[in-house]
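The values are calculated or read from the model by the stated rules, or taken from the named source; none is laboratory data. These numbers come from a predicted model, not from an experiment. Every residue, glycine among them, receives a Cβ derived from its backbone with ideal geometry; neighbour counts consider all protein chains shown.
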2 protein chains.
Amino acid sequence: MVAPVLDRFDPRLDPMPPPVDRRTLIARLERVLPREALIHKTEGMRVFETDGLAAYRGMPAVVALPANVAEVRAVLKVCRELGAPVVARGAGTGLSGGALPTPGCVLLGLSRMSAILEIDAAAGLARVQPGVRNLAISEAVRPLGLFYAPDPSSQLACSLGGNVAENAGGVHCLKYGLTVNNVQGLEIVTLDGEVLRLGGETLEAPGFDLMALITGSEGLLAIVTEITVRLTPLPEATQVLLAAFPETRAAGQAVADIIAAGLIPAGLEMMDRLALTAAEAHTGAGYPLDAAAILLCELDGAPEDIGADLERVRTICEAAGASLARIARDEAERERFWAGRKGAFPAMGRMAPDYYCIDGVIPRRALPEVLDAITRLSDQFGLAVANVFHAGDGNLHPLILYDAQAPGELDRAEALGGAILELCVAKGGAITGEHGVGREKINQMCAQFTPEELETFAALKRAFDPEGLLNPGKTIPTPQRCVAHGAMHVHAASPPFPHLDRF
Amino acid sequence: MVAPVLDRFDPRLDPMPPPVDRRTLIARLERVLPREALIHKTEGMRVFETDGLAAYRGMPAVVALPANVAEVRAVLKVCRELGAPVVARGAGTGLSGGALPTPGCVLLGLSRMSAILEIDAAAGLARVQPGVRNLAISEAVRPLGLFYAPDPSSQLACSLGGNVAENAGGVHCLKYGLTVNNVQGLEIVTLDGEVLRLGGETLEAPGFDLMALITGSEGLLAIVTEITVRLTPLPEATQVLLAAFPETRAAGQAVADIIAAGLIPAGLEMMDRLALTAAEAHTGAGYPLDAAAILLCELDGAPEDIGADLERVRTICEAAGASLARIARDEAERERFWAGRKGAFPAMGRMAPDYYCIDGVIPRRALPEVLDAITRLSDQFGLAVANVFHAGDGNLHPLILYDAQAPGELDRAEALGGAILELCVAKGGAITGEHGVGREKINQMCAQFTPEELETFAALKRAFDPEGLLNPGKTIPTPQRCVAHGAMHVHAASPPFPHLDRF
């Protein structure tokens, strides 16, 4: 989505703190930060106007780039005292507008805090600053036989601080868990300038699980200034199987059967016809173009185990109706299979001028049904949808193809995206797997949660941030926004595990 | 600890809600609950006076035993309206006094809500009420080839609701995670009677991670009325290796080396000389009585993998100085090895009239040093200490042996326990691994956390329970209590990963 839609905040639906005099704000920040750590000319702030959800833009009052915890505390103290909103930003790769500047905000960029502070190979831990890139950790610890498991598509660019804010996932999270499962300690600064250290070196900890609460809190509760991550031993060997299916439903069945058999692939990815065709044209991965859907199933571990397990996966795929189930014959072919998957998003450029990437999650058993429903919605809205996703954990990534220059297509793409997300909720799933809610999905939160649940979120937010200064207008919709959105409260009508009620 | 120490709540240190007229309270509850669901005669309430921390006792105003969510809501509404404290109780097996009645409280027992509501083998989920016993789930799903992994020692008796409240662990949590890692959904009732459903069938969920926040919150935030747990496929095979060491330090080294080698045992337990001697006398497990410490290392999975991995474990143990490293030759011997470990606590009855079980956790690398320090403390306090513990995750269970009839010994046992816990904190660990804080360790929370961290806990508590009615006087100490305890704030002086600072 590249159309420059300006600031969509609506003061009636998204209450904001009262405006702060911009000159006073800048003057106060100049007293606590070195000159080079503040940007307030429009030209310099342009790059901070948007994040990965490029259709949404907003200009901050000022950009602050602290270099250490003391400077983060100082900035927050100024904001607290003046009542200025604060929007934290990592690498700006987020896809849900979590780092979109709200009107008059201090954009708190953490990119300068980018040091790997410590690596303890024996304990399997690394302590890093929030601006460290995800992939940089794996690169640093590879010589020690370790890696950092969560691998969002943006792992080359995205930062650990952003990963914590969004509870980022990736291909490997089926086996190795989300960010929250791979973080062992956090240092945070609260709005009143307190520095808290959460979690620690041991698995268990007393007291409320603040670390889990902060992880995925999208910049609404505190600023993360240090992260202790768990490192995972590099697997001895890795192999991948490519299976092709004459219909999507059969591929969905194979996914369910693989998991039900107790196999835990390191990755289990699915691509439908449109996605695999684009990817094949883009990278020449060797995908069969006559398939309705393909699965890529990666297993890692000891070589002898992988062999036996891959045979089981092959048998399951064939039983589900696969027309082809082939193990990559060597490392080169394995890399080629994955290159197609990793290039699937950019490959969409061949299909349409723009695409909008949705991130929903559903119970695995609902896969065939939901894919059929997405096809119907696609016809109804008159926009093509390609499906590329983490099938193993039911995390969909429908890509809506559109042309931002064609009148009305962006609005239609957004409406279709919203309809797909509400479909996910209705099928017992959720409106985000790994991209977060941010600004993008704030309306869908009204479908996901009851008013009482949203009020519980709001009460927790107030416990950390009574004045609502941290990332206002994001993630938690106000009751008036839900009324305006005409929310259908799916949860109020049916329990979240509707399929269980059949028993 | 069996000495009947009566109610130790101190109104100056543990502020309680103003007293409620008991007759009014009972009369109001009688309007919303059937007669058989209320107990208010002293004789009938006797059994609810204490939990597994038997030295602490207190008499509730009334015991309420709701049979469904509607009755839980009704009880909470009455308590909210009258301002009466509410203490939730599962099976009452907790060891930290979490279910100890506070003065004038409504003791809310959940034992009647004990149905397994649904089992979905394909999704690997079970939906249960809070009163269901831990082991009952594994028994119910065994025919389907599944089990529920967290296995506290009390698993025969303890309830899932209590497991969630305490975030219970067990021998298998090294490989399979704590309760929080095995729960996928919760239904809770808040103090104002709202029913919220947290989590769901999918791995990811938007919004703050309320499920993780509630898990381990020890009855301070809400009442859990339903739990959806993840089920794990039963391993194809299980084997155990017994290793004996001439000194504890060498056993600690072997533990560190096993984990550093990337092996993840299903269980990795350590017993010192006093513990293994008592266990051997009690059960005839076949432990070598000349050892200073033994390790039991259990591996599970495919038979061919286990064989190779057990050989690696054996090599590591021998390299660390094991005088013996033997794989159980058959199922009977495997069961005998474990019978000794499982009988270690009752076996202590041979050694002393009473014992006090401590639950601390330390980084694995600190094991040898902490065990030495516990020996010194034991000498200093003049009380023997036996060590039996989950070595793999650094979760200590020192058993302090004493005689409650001997004047001063109980106080000395408590003081020694407190000293051991503060030692754990000083070494980068925590004051509880799996037993919770409850009433027992409320003073040690002052050593574990800074005043700012405790205030953050208190603010979260207020977000759910502004009047402080849910389990008052537990888990979160007031500032005045910390002052009275003369807390040494270890965290304020050093970061929680002190060893990392050496790099």
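Select from the range A:117-139 the residues that are surrounded by fewer than 18 Cβ atoms within 10 Å (Cβ to Cβ) and touching a residue at least 24 places away in the same chain (Cβ under 8 Å) and list them in ascending order. Within the range A:117-139, A:117, A:121 meet the criteria. Summed over the range B:421-452, the residues that are within 10 Å of chain A (Cβ to nearest Cβ), assigned to a helix (DSSP H, G or I) and either surrounded by fewer than 21 Cβ atoms within 10 Å (Cβ to Cβ) or among the polar types (S, T, N, Q) (or both) give a count of 3. Answer yes if at least one residue in the range B:476-499 is within 25 Å of residue A:227 (Cβ to Cβ), touching a His at 6+ places or on another chain (Cβ under 9 Å), at pLDDT 90 or above and not in a helix (DSSP H, G or I), and no otherwise. No, the range B:476-499 contains no residue that is within 25 Å of residue A:227 (Cβ to Cβ), touching a His at 6+ places or on another chain (Cβ under 9 Å), at pLDDT 90 or above and not in a helix (DSSP H, G or I). Among the residues of the range A:453-472, the ones that are in a loop (DSSP other than H, G, I, E, B) and crowded, with 21+ Cβ neighbours inside 10 Å come to 3 in all.
Among the residues making up the range A:193-206, those that are in a loop (DSSP other than H, G, I, E, B) and either within 9 Å of chain B (Cβ to nearest Cβ) or closer than 13 Å to residue A:125 by Cβ (or both) are A:194, A:200, A:201, A:202, A:203, A:204, A:205, A:206.
All told, residue A:361 meets the bar of being at pLDDT 90 or above, within 24 Å of residue A:52 (Cα to Cα) and of a type in the set (A, V, I, L, M). For the range B:92-148, a residue qualifies if it is within 14 Å of chain A (Cβ to nearest Cβ) and acidic (Asp, Glu), and the qualifying residues are B:118, B:120.
Report whether or not residue B:169 is within 8 Å of chain A (Cβ to nearest Cβ), part of a loop (DSSP other than H, G, I, E, B) and closer than 30 Å to residue B:303 by Cβ. The answer is yes for residue B:169. Of the helices (runs of 4 or more DSSP H) lying entirely inside the range A:17-100, the ones with 2 or more residues being acidic (Asp, Glu) are found at A:69-82. Exactly one residue out of A:461, A:441, A:474 is within 16 Å of residue A:98 (Cβ to Cβ), in contact with a Ser or Thr (Cβ under 7 Å, 6 or more places away or on another chain) and among the basic types (Lys, Arg): that is A:441.
Of the residues making up the range B:375-396, those that are more than 12 Å from chain A (Cβ to nearest Cβ) and crowded, with 23+ Cβ neighbours inside 10 Å are B:385, B:386, B:387, B:388, B:389, B:391. Per the listing A:354, A:403, the residue uniquely within 25 Å of the chain's Cα centre (by Cα) and crowded, with 19+ Cβ neighbours inside 10 Å is A:354.
Residues checked against (1) among the hydrophobic types (A, V, I, L, M, F, W, C); (2) in a helix (DSSP H, G or I); (3) not assigned by TED's automatic domain parsing to the domain that holds residue A:154:
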| site | (1), (2), (3) |
| --- | --- |
| A:352 | yes, no, yes |
| A:367 | yes, yes, yes |
| A:372 | no, yes, yes |
| A:378 | no, yes, yes |
| A:383 | yes, no, yes |
| A:386 | yes, no, yes |
| A:389 | yes, no, yes |
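Among the residues that make up the range A:37-44, is at least one of them exposed (fewer than 11 other Cβ atoms within 10 Å of the Cβ) and at pLDDT below 90? No. Within the range B:325-350, the set of residues being free of Cβ contacts under 8 Å to residues at least 60 places away in the same chain and not in a helix (DSSP H, G or I) comprises B:329, B:330.
Restricting the range A:207-225 to residues that are modelled with pLDDT of 95 or more and in a loop (DSSP other than H, G, I, E, B) leaves a set whose member that is farthest from the other protein chains (Cβ to nearest Cβ) is A:219. Residues in the range B:293-322 that are among the small types (Gly, Ala, Ser), more than 22 Å from residue A:236 (Cβ to Cβ) and surrounded by 16 or more Cβ atoms within 10 Å (Cβ to Cβ): B:293, B:320, B:322.
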